[in-house]
Amino acid sequence: MSLVVEGLRAAYGESQVLQGVSLTIGAGEVVTLLGRNGMGKTTTVRAVMGLLPGMGGRVTGGRIEWDGVALPGLAPYRIGRMGLGLVPEGRLVFPRLTVEENLTATARAGGRWSLDAVYQFFPRLAERRRNMGSQLSGGEQQMLAIGRALMTNPRLLLLDEATEGLAPLIRAEIWAVLAALKAEGQAILLIDKNLAAVMRLADRHVVVEKGRTVWSGTSEGLAASPELRETYLHL
């Protein structure tokens, strides 16, 4: 499997947000998309998942290909069925559905992930299976959002702000979950602000600034470039 994003341009109305984002992800890789707030990370994920038209946006140039198939113009549900699973910023669990209903609402059979598998992976969700989404803590909602995406049996999992707003103990639990997924060979595109954690987890990093890719490389390369981190990643 492979995701190729090359020279991606996208706009909301007349405002050009992406000016040339490029990244690739292969089977089993964990790749991060890094940059300060407002630099185009979430818009990139939305473009990949076909969500821009529903938000007043559009892809205006470049290419997005999944296993050689062009994604722009495809409906989000079709992209999901092709093996891309999204954990969106803000989690967006269904508040009036139970945990179990959230997990089964968009499930796709025929893969590693089933209800039992998700409950084994997230025992806390098994304990709360009859609770409504609105009754969960922020950390439990994030586990539910990840579990819901896994239930689509994705070949590529996209996580937008994986640990934002979570307590330190819950953040550590989410990082352990992502490490376990990586060990299983799950390909992941990850957005998160915790540089130390992503540098331990990821194979490669892509840094964006004002809607453009300005650097890509390994954790070793990022660690060896304090000027890069100071210029593009520190607030």
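The values are calculated or read from the model by the stated rules, or taken from the named source; none is laboratory data. Quantities reported herein were computed from a predicted structural model and do not represent experimental measurements. Note that we place each Cβ from the backbone using ideal geometry, even for glycine, and neighbour counts take in every protein chain shown.
Odds and ends about this structure:
- Enumeration of residues in the stretch 210-235 that are surrounded by 17 or more Cβ atoms within 10 Å (Cβ to Cβ), hydroxyl-bearing (Ser, Thr, Tyr) and over 20 Å from the mean Cα position of the chain (by Cα): TYR232
- Counting the residues of the stretch 84-96 that are among the basic types (Lys, Arg) and surrounded by fewer than 16 Cβ atoms within 10 Å (Cβ to Cβ) gives 1.
- In the stretch 100-131, the residues that are farther than 11 Å from MET151 by Cβ, touching a residue at least 24 places away in the same chain (Cβ under 8 Å) and of a type in the set (S, T, N, Q): ASN131
Per-residue answers, yes or no, for (1) at pLDDT 95 or above; (2) in the same structural domain as LEU222 (by TED's automatic domain parsing); (3) surrounded by 18 or more Cβ atoms within 10 Å (Cβ to Cβ); (4) more than 16 Å from the chain's Cα centre (by Cα):
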| site | (1), (2), (3), (4) |
| --- | --- |
| GLU29 | yes, yes, yes, no |
| THR32 | yes, yes, yes, no |
| THR43 | yes, yes, yes, no |
| ARG46 | yes, yes, yes, no |
| MET49 | yes, yes, yes, no |
| GLY54 | no, yes, no, yes |
| ARG58 | yes, yes, no, yes |
| ALA75 | yes, yes, no, yes |
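- GLY13 vs. criteria small (Gly, Ala, Ser), over 29 Å from ARG108 (Cβ atoms) and touching a residue at least 60 places away in the same chain (Cβ under 8 Å): no
- Failed condition for VAL45, given (1) over 22 Å from GLN186 (Cα atoms); (2) touching a residue at least 40 places away in the same chain (Cβ under 8 Å): (1)
- Residue selected from the stretch 97-149 under the condition of a type in the set (A, V, I, L, M), touching an Asp or Glu at 6+ places or on another chain (Cβ under 9 Å) and crowded, with 21+ Cβ neighbours inside 10 Å, by the criterion nearest to VAL87 (Cα to Cα): MET143
- Number of the exception - LEU144 against (1) part of a helix (DSSP H, G or I); (2) in the same structural domain as GLU29 (by TED's automatic domain parsing): (2)
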